[in-house]
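The values are calculated or read from the model by the stated rules, or taken from the named source; none is laboratory data. Keep in mind that this is a model prediction, so the values were computed, not measured. Because the Cβ atoms are built from the backbone with ideal geometry, glycine has one as well, and the counts that use them run over all protein chains shown. What goes into the accessible areas is simple: the full protein's heavy atoms, side chains included, and nothing from ligands, DNA or RNA. Shrake-Rupley method; radii C 1.70, N 1.55, O 1.52, S 1.80 Å.
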Amino acid sequence: MDLFEKLKTNRGPLGQFSSIAHGYFAFPKLEGELKPRMKFRGKEVLTWSLNNYLGLGNHPEVRKADTEATKDWGLAYPMGSRMMSGNSNTIEEFESQLSDFVQKEDTFILNYGYQGIMSVVDALLDRKDVVVYDSESHACILDGLRMSLAKRYVFPHNNIENCEKQLERATKYVENTGGAILVITEGVFGMLGDQGKLKEIVELRKKYNFRMLVDDAHGFGTMGETGIGTGEAQGVQDEIDIYFSTFAKSMASIGAFVSGPEDVINYLRYNMRSQIYAKTLPMPLVVGNMKRLEMLRTMPELKDNLWKVVRALQDGLRENGFNIGETDSPVTPVFLSGGNNEAGNLIIDLRENYFIFCSVVIYPVVPKDVIMLRLIPTAAHTLEDVNQTIEAFKAVSDKLKNGVYANNEISAAI
């Protein structure tokens, strides 16, 4: 049975990271755009760990919209869940705008991204179904799968040959249960920065009957000619059955949305537990997010500025001999060789003495003796920021190779 056909007749009742990031953070109150700097343990540092791809976090127009919406609505409204007393014409208008932008029939606004995708997965699947998913799927997807009663088959990251093998297994399983198959992957994987192989997965539909759910948290607003996302970038946006993203990355806000066929989205409205039993997104965030979407759609220079920084950073790192893997998105990993103790010494030195703040990922998230530094470029960064960062990376990389960070005492490293 097709997954969506099953949903029409089945109405229910109404990590990933290991990062050393201790310290105290304070962002300066700025009148202009948000600068990628913050106070860390009393020192101003250049930070590459901001959820602010398009530089909207402190944009004057965004701040004005947020302020006026808060003045008009306060933070209390709507005072209930969407299906009870928490709906409004403004929310429905925002959903319509999102549907038009991502080229889907309907959209459902969610109060949070993490809980949202968990509930999407939980609501779409039952014990007769099979889910086939990428091994590098985000923790929120994995948590949703833990709640689901569906059979689970995982394929190694972006391994389409193995994905097909799992689809073969899934097909045999649902032939006996009468269930359906859902394939889950991501548009852009937030750890390594590589895109999910959406186009290749779509090709498998010529042989297998399944639907596809794509979490495009890092692709929405950053990928594709108009910023629709990774589906647009790969030319398969119309082939994505369920499209999910968050407002927390490119929009630098709170909330999320899920888009797809009207009947499926309507089903989700009344079957997603994280939305049924929780307060809806406050109106100031709804109105503020509408302004962010307007700017995303009408100001292509925001994405252009982002990619100018991305290209400068990634090209500069490669030219200086750094391994940044196979990223083809703004997410920029830098792989170094060293143990966990060396990682701790390196990251403290980088923050305390070179005034560069980025995430560090260590074993067991990455293999032993691998240190991964993860940078998130934004439109708020400058080419001077890029140059400063590359020079700092060259310095700490040399120290790492020379054994400076192998000592147990950080004082030896600085």
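Structure data summary
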quantity	calculated
Positive minus negative residues near Gly255 (Lys, Arg vs Asp, Glu; Cβ under 14 Å)	+3
Segment 266-343-segment 120-148 distance, computed between alpha-carbon centres (Å)	22 Å
Computed log₁₀ I(q)/I(0) - Debye formula, equal Cα scatterers, no solvent, segment 281-370, q 0.14, 0.16, 0.20 Å⁻¹	-0.74, -0.85, -1.00
Net +/- balance of residues flanking Val286 in space, Cβ distance below 14 Å, scoring K and R +1, D and E -1	-3
Unit charges at the beta carbon, dipole of the chain: most positive-side option, Leu336, Thr246, Phe40	Phe40
Per residue value of the accessible surface for the chain (all protein chains in place, 1.4 Å probe), Å²	43 Å²
Mean residue ellipticity (222 nm) of the chain, computed from DSSP H runs ≥ 4 via -39,500 (n - 2.57), nearest 500	-12500 deg cm²/dmol
Vicinal HN-Hα couplings computed from phi for segment 235-242 (Karplus, 6.51 cos²θ - 1.76 cosθ + 1.60; Hz; Gly/Pro x)	x, 10, 4, 6, 8, 7, 6, 10
Using alpha carbons only: equivalent-ellipsoid semi-axes of the chain, gyration tensor based, whole Å	37, 28, 18
Long pairs among Lys128/Lys197; Lys104/Lys368; Lys206/Lys279; Lys197/Lys249, criterion Cα-Cα beyond 32 Å	Lys104/Lys368; Lys206/Lys279
Environment charge at His218 (Cβ cut-off 10 Å; Lys +1, Arg +1, Asp -1, Glu -1)	-2
Equivalent ellipsoid dimensions for segment 138-281 as semi-axes, Å, which come from the Cα gyration tensor, largest first	24, 20, 14
Accessible surface of the chain [probe 1.4 Å, protein heavy atoms]: carbon and sulfur percent	49 percent
Total charge dipole magnitude, the chain, about the Cα centre, Cβ charges on Lys, Arg, Asp, Glu only, Debye to nearest 20	1020 debye
Within segment 173-256, percent of DSSP bridges classed antiparallel, to nearest 5	20 percent
Loop trypsin sites (Lys or Arg not before Pro), segment 122-176 (other Cβ atoms within 10 Å of the site Cβ: 11 or fewer; DSSP)	Arg127
Reciprocal of mean inverse Cα separation for segment 337-414 (Kirkwood radius, Å)	12.9 Å
Selected from Phe108, Leu142, Leu125, residue furthest toward positive end of dipole (segment 57-147; charges at beta carbon)	Leu142
Rg to Rh quotient for segment 118-199, alpha carbon positions, Kirkwood Rh	0.96
Cleavage-rule hits, GluC sites (Glu not before Pro), segment 206-273, DSSP coil, Cβ neighbours within 10 Å at most 13	Glu225
Rounded to 5, percent antiparallel among DSSP beta bridges of the chain	60 percent
At 1.002 mPa s and 20 °C, Stokes diffusion of segment 78-118 via Kirkwood alpha-carbon radius, µm² per second	192 µm²/s
Per DSSP, loop trypsin sites (Lys or Arg not before Pro) in segment 200-277 with at most 16 further Cβ within 10 Å	Lys207
Highest average packing first - 114-126, 351-363, Cβ atoms within 10 Å	114-126, 351-363
Gyration tensor verdict on segment 61-210 (Cα atoms; rounded if a/c is under 1.5, prolate if a/b is larger than b/c, oblate otherwise)	prolate
